[in-house]
Structure formats: structure tokens, C-alpha cells
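One structure below.
The values are calculated or read from the model by the stated rules, or taken from the named source; none is laboratory data. Since we're looking at a predicted model, the values are computed, not measured. Every residue, glycine as well, gets a Cβ built from its backbone with ideal geometry; the counts of neighbours run over all protein chains shown.
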Amino acid sequence: MADSLPFPVWLRARNLKISWCNPAYATAVGSKPDIVVEEQIELVPAAERGKKKSLAQIAFEQGGEQSEQRHVVIEGQRRLLRLTEAAVGAQRLIIGYALDITKEADLDGELKRHIKAHEEVLDLLGTPIAIYGSDTRLKFYNRAYLKLWVADEAFLKTEPTFSEVVEDLRSRRRAPEQADFQKYKKERMALFTSLIEPREDLMHLPDGTTLRIMAVPHPFGGIMFMHEDVTDKLALESSYNTLIAVQRETLDNLAEGIAVFGSDGKLRLFNPAFLRIWRLMPEPLGEHPHLSEVLEMMKPLLGTMPDWGGYKRDTIVETLDRTTRAGRHECTDGSIIEYSCVPLPDGAVLISYLDVSDSVRAEQTLRESNAALAAADRLKSEFVANVSYQLRTPLNTIMGFSEILANQYFGTLNERQMEYARTMMEASKKLLHLINDVLDLATIEAGRMALSVKSLSVKALLENSSDMMREWIRQQQLGVVISVADDVGSLEADEQRMKQVMFNLISNAIQYTPEGGHIRLSAERQGDWMAITVEDDGIGIPEEDQDRIFGKFERANPQARQAGAGLGLSLVKSFVELHGGRIVIDSRPGKGTRITCFLPLRMSEAHKKPAQAAS
């Protein structure tokens, strides 16, 4: 039977010499069995063994079975053999055999190379990985694992058991806090005998870190643990969920109806306001209908159109083409709905709807009211202008006869008669001034006021205005100071209107300045502008009244020496704005008032034309 074995087998006598071998042995050494016995041809020549004891000698001396691996050249090929020799029986005869393990060794080497390559790849991964053998000892870990656990590499190189690693993590507060840690460790250790399918767990560490741990059975026995730090991911997911909830709640409480259609034209999102505006039920919309179906649901309010099919087709095309547009629907129930279509970054399209029926009706009512007010104001202005024109003729007659009487053309008057005549003349002049102011305002409001523009000396304007008012100023016991540089130059303006501006500003200053006060007139260039200022040290104007005093028939303060009609400052503002300028007022109660008119040095052609009506 031994002769038929395919691997070498041999026997040795007590003197350790070969006493028998099978044909496989003889073939391995390139000889015949009888020659092998005769010449004592060994599989492993003594020269290769050197001074070391032979395997047979060790087996003879120690008894039992002894094995070793040796490379041997057989039939011209280098083979790896596992040589085994054992002492048997009381006489310790030696029986030996050799197995060719070349293929197994090659496979084992290939396997080791694959394992090494895999370990190198795993070491480069950013995912922390640890592999434990079936004996629960740590067989492999990568750099990411070291970084995650801040572990002592010298400790890990000792191949600690899983239990020892868990205890090490606990000592460094890198293991989860547990009421019964031993129970927790026992449950984790049980994975080595019970794990069949991959298992995923979340681990919450004392420092707030959250890990996702995947335990996978290893093909060679044991377990491979993969770790992922999901702290930021969970926080982001929580923030995202919160944001989505906030957005959902916001959409649900918007007054605007919102509908979002995907790039495929299907309804992805809608809010209660959308249902309310279009009188829709939520159930059909919950099935994500196409835009064409939604339009059919909206048709009862959209109404019958001459070309409904064309309208629907155009709406679908514009929406799917992500065209930004806005418009208004006038619905069959009388409601008016504004819409706006906006493309979203993800390829979807958002359409918002807002019921503006009440706003439109209120706007229409307001427009009608404004038109009625404008018409009434126009009629009032025309009436005042017509009455003013009609008053001029009898007023001129009264002024003429008053002047005749005052000049005593038809006889001498006594003192009382002269006083009456002078009083009539003064009252007539004031009334004429008021009528002229009213007519000017009416002309401006009607848009028919044209300016006669020419070059006007600013210094002469201020001096002439002061001279014109000098007697009145003297009567009120006030002082006048004019501060104008000789080279202040001129500006383009209507001389008559500018004199009216100065007259009204100085009149206003006289009325509100107590006896002994002063009025200051000044002018200076500021770039392309001329700043003309009238300043007093009178009673001043409260800040809340400073915008109001430029209105028609408004008085700055009831404490004025003489109460006017309240048209002076309104005319000043109108004339300055006709010239393309503006007015700035600076005043505080008890500190006086400073009014500055800023006028362009050169008027534009637009301001030289008749002013347009304010309405």
C-alpha cells in the first residue's frame, strides 16, 4: 500500500539509516528504491543541513513526531516539502513522509500579499477601521482609528483583546457613559459569537461626539469595526429638519397661495392659502397632479376663455421653460388675483397667488376720491381766481377815489377825514396785495406761470428789497444788516418774482421779531448754487410746525405783530421751486429763524417754461 502512495515515504532503522522507501521517494531523488537504500540518498542532503541535527535524530532522541519545511529540487523544479519523521514502537523505528506544499505555500503567500495590500488601502482610508481576530485580539487598525481614539500605538501593537481596548477607552473617558459598564462590555463581547449579519449602532461619547459604528463579520473570523463621526451630520440633519419645519409652517401661514411645480410639471408643494384662493380640495392635489390637471381644477374661477386650450398650452410651456412672469387674473366670482412665477435653483418653478380684490377696490375708491378732490380743488382755485379778478375792478376804483380824497383834489379835508382817507388807501393796498398773491398761486396751480428770466444782480436785489421795506422796519424799531460780498455776482431769475420772494421773507421776519431786534440779509455762492438767507432773532418756529408753515393759509405763530392771510411763505416756496431751487429752514423757539433759498445760478430750459400743475 505504501508503494502506491503519491508522496515519498521511508523507514529508518535504529541507526537512522534508510531501510526502505517507496517509488515516490526514489523518483523524488532521481533514483531507484534499492539504490536509495544502498547509497543512503537523502531528500535533504547533509550539506544543506550543516551541523544541525537531522530531523530523524531529533525524533529518535525526543520521541514523538517532528516536522520541518525544506525547499528541495525535484525533477529540476524547486519544491517546498513538509518533512515529517516519527519514532514508533519500543525499538523507536523511524517512519518518515514528505508532502509537497508548494501550491499551498504559493497560495498562502498570495493571500498574505492580498491581505497586506488591503491593509495598506485601509490604512489610507479616512474611515477609522479596526479588525479583531476570532480570538478577540486586535489584528489591524488604520491611522484614522488612531486619530479618532487618540490611542497609544505602542499599546495597540501588543494586539490587545477587545475587552482590554474597551477598558482602555473607559479609563480615558472615550467610551459611552453606562450605568452598568460591565453589562455593556459583556454585550459588546457577545458580538464575537453571535454576529452573523452587519450591525449598525450609534455611540454617544462623553465629549458630545456621536459615532456610527458598523460591525461586520470578517471572512477569516472575528469582526471588523468601521467608525464614522456623525456629530456634525446629525447636527446638520437636525438643523435641516428644523428649517424644513419652519419653512413649512411659514408657508402654511402665508396670505399668498404657493404652488411649486417640478421640472416634470407635477405639483410638488402647495399651502392652505392656495387651496383657499382657488376653492380647491387638498386630496386631489396630494397625488401630485400635472400642471395641466391643476389648471383644469382652477378653470371654474379662471372662466371660459375664447381659446382655453391655447391658454393652457402657453401656460404650461412658459412654466416648464422657467420663464419669470407676473400678471393678474380677474375671476368669475369678481375676485382679482395677482400671480408671480419664479424659477427655483433646483429646476422647479414657484408660483405665488395673492387675492388683491379688496386692495384693488380700495385703490379704485381712492382714485375716484382723489379725482373728486382734485376737481373740487380745481374748481375752488378757478372760483378764487375769478372772484379775485372781479374784485380788482371795484378795488381799483376805491383806491383811485381814496387817493383823490387823500390828495384833497376836490377840496380841503379836516384831520379826521384825512385819517379815514389814508386808512382806506392802506386797506385797499393790503387787499390788492392779497388778491395778487391769490392770483399768483392760482396761476401756479393751473400750470400757467411763466418766468421772465434774466441776469439779476444778487447784491442789488437784497439792497433794493431792504430799501423797499425800510419805512416799515423803522416803524417796528428793528435793525437791518446786509452781508453780501462785492463779487457775489448774479444769477438767472425772474426779477419780479424774486422781489416777491424777498418781500414776503422780510415781511415774515418783521412780523415775528420784537422791537429792538435785527434782521440779517446775506447771500453767497456755493458751487453752482446761490444761497440767499433771511435771518431774524425773533420768537422762532417749533420744529413740528416748520413743514406746515409753507402751506397755503398757514401762519407760523399766533404771536405775530400782524396776522397775515398765510400766503406769503407758500408763495416763496412756489416761486423758489419754479426756479429749480429749494428752501431750508433752521429755527428754534426763542432763538430766531433762518430761512435759506438755494437757487441755481443758471436755470434749465425746463424751469423757464410754464410750470405744470401740481395735480
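Output the number of the condition that Asp3 fails; it satisfies all remaining conditions of (1) in a helix (DSSP H, G or I); (2) within 23 Å of Gln77 (Cβ to Cβ).
The number of the failed condition is (2).
Kindly evaluate Thr323 against the criterion of being of a type in the set (Val, Ile, Thr), within 30 Å of the chain's Cα centre (by Cα) and part of a loop (DSSP other than H, G, I, E, B). Write out each step before concluding.
Details: of a type in the set (Val, Ile, Thr): yes; within 30 Å of the chain's Cα centre (by Cα): yes; part of a loop (DSSP other than H, G, I, E, B): yes.
Yes.
Out of all the residues in region 228-262, which are in contact (Cβ under 8 Å) with a residue 12 or more places away in the chain, among the hydrophobic types (A, V, I, L, M, F, W, C), assigned to a helix (DSSP H, G or I) and within 30 Å of Arg143 (Cα to Cα)? Quick ask: steps written out before the conclusion?
First, pick out the residues of region 228-262 that are in contact (Cβ under 8 Å) with a residue 12 or more places away in the chain: 228-231, 234, 251-252, 254-262.
Among the residues that remain, those that are also among the hydrophobic types (A, V, I, L, M, F, W, C) are: 230, 234, 251, 254-255, 258-261.
From what's left, assigned to a helix (DSSP H, G or I): 234, 251.
Passing the criteria: only Leu234.
Do we have Leu107 as more than 23 Å from Pro8 (Cβ to Cβ), among the aliphatic types (A, V, I, L, M) and part of a helix (DSSP H, G or I) here? Steps first, please.
Working: more than 23 Å from Pro8 (Cβ to Cβ): no; among the aliphatic types (A, V, I, L, M): yes; part of a helix (DSSP H, G or I): yes.
For Leu107, the condition - more than 23 Å from Pro8 (Cβ to Cβ), among the aliphatic types (A, V, I, L, M) and part of a helix (DSSP H, G or I) - is not met.
Limited to region 515-536, what total is found for residues that are within 49 Å of the chain's Cα centre (by Cα) and small (Gly, Ala, Ser)?
Looking only at that region, the number is 2.
Within region 488-497, track down each residue that is surrounded by fewer than 24 Cβ atoms within 10 Å (Cβ to Cβ) and either more than 13 Å from Ser465 (Cβ to Cβ) or within 56 Å of the chain's Cα centre (by Cα) (or both). Talk me through it step by step, then tell me what you get.
Looking only at region 488-497, we keep the residues that are surrounded by fewer than 24 Cβ atoms within 10 Å (Cβ to Cβ), and these are 488-490, 492, 494-497.
Hits for region 488-497 are Val488, Gly489, Ser490, Glu492, Asp494, Arg497.
Which of the residues that make up region 7-56 are outside any helix (DSSP H, G or I) and either modelled with pLDDT under 85 or among the charged types (D, E, K, R) (or both)?
Within region 7-56, Arg12, Arg14, Lys17, Lys32, Glu42, Val44, Pro45, Gly50, Lys51, Lys52, Lys53, Ser54 qualify.
Could you please find all residues in region 348-379 being in contact with a strand residue (DSSP E or B) (Cβ under 7 Å, 6 or more places away or on another chain) and not in a strand (DSSP E or B)?
Hits for region 348-379 are Ala348, Val356, Ser357, Val360.
Within region 452-459, does at least one residue satisfy the condition of being touching a Cys at 6+ places or on another chain (Cβ under 8 Å), in contact (Cβ under 8 Å) with a residue 40 or more places away in the chain, surrounded by 15 or more Cβ atoms within 10 Å (Cβ to Cβ) and not assigned by TED's automatic domain parsing to the domain that holds Ala375?
Taking region 452-459 and keeping what is touching a Cys at 6+ places or on another chain (Cβ under 8 Å), we get none.
No.
Report whether or not Glu426 is free of Cβ contacts under 8 Å to residues at least 40 places away in the same chain, outside the structural domain of Thr533 (by TED's automatic domain parsing) and either touching a Cys at 6+ places or on another chain (Cβ under 7 Å) or assigned to a helix (DSSP H, G or I) (or both). Walk me through how you get there before you give the answer.
On the way: free of Cβ contacts under 8 Å to residues at least 40 places away in the same chain: yes; outside the structural domain of Thr533 (by TED's automatic domain parsing): yes; either touching a Cys at 6+ places or on another chain (Cβ under 7 Å) or assigned to a helix (DSSP H, G or I) (or both): yes.
In short, yes.
Tell me which residues, restricted to region 195-227, are assigned to a loop (DSSP other than H, G, I, E, B) and aromatic (Phe, Trp, Tyr). Even if it seems obvious, please write down each step before you answer.
Of all residues in region 195-227, those assigned to a loop (DSSP other than H, G, I, E, B) come to 195-198, 205-209, 218-222.
Across region 195-227, the qualifying residue is only Phe220.
Do we find a residue being aromatic (Phe, Trp, Tyr), modelled with pLDDT of 90 or more and surrounded by fewer than 18 Cβ atoms within 10 Å (Cβ to Cβ) anywhere in region 157-166? Step through it out loud before you land on a result.
In the first step, residues of region 157-166 are kept if they are aromatic (Phe, Trp, Tyr); the result is 162.
Of the ones still in play, those that are also modelled with pLDDT of 90 or more are 162.
Still in the running and surrounded by fewer than 18 Cβ atoms within 10 Å (Cβ to Cβ): none.
The answer is no; no qualifying residue exists.
Quick one: in region 460-479, of everything that is more than 18 Å from Glu515 (Cβ to Cβ) and either acidic (Asp, Glu) or outside the structural domain of Thr533 (by TED's automatic domain parsing) (or both), which residue is modelled with the lowest pLDDT?
Looking at residues that are more than 18 Å from Glu515 (Cβ to Cβ) and either acidic (Asp, Glu) or outside the structural domain of Thr533 (by TED's automatic domain parsing) (or both), I get Asp467.
Can you go through Leu601, Leu567 and tell me which one is aliphatic (A, V, I, L, M) and modelled with pLDDT of 75 or more? Even if it seems obvious, please write down each step before you answer.
On the way: Leu567 fails: modelled with pLDDT of 75 or more.
Criteria check complete, one pass: Leu601.
For region 296-304, does any single residue satisfy the condition of being of a type in the set (A, V, I, L, M, F, W, C), closer than 15 Å to Val349 by Cβ and outside the structural domain of Lys147 (by TED's automatic domain parsing)?
Checking region 296-304: not a single residue is of a type in the set (A, V, I, L, M, F, W, C), closer than 15 Å to Val349 by Cβ and outside the structural domain of Lys147 (by TED's automatic domain parsing).
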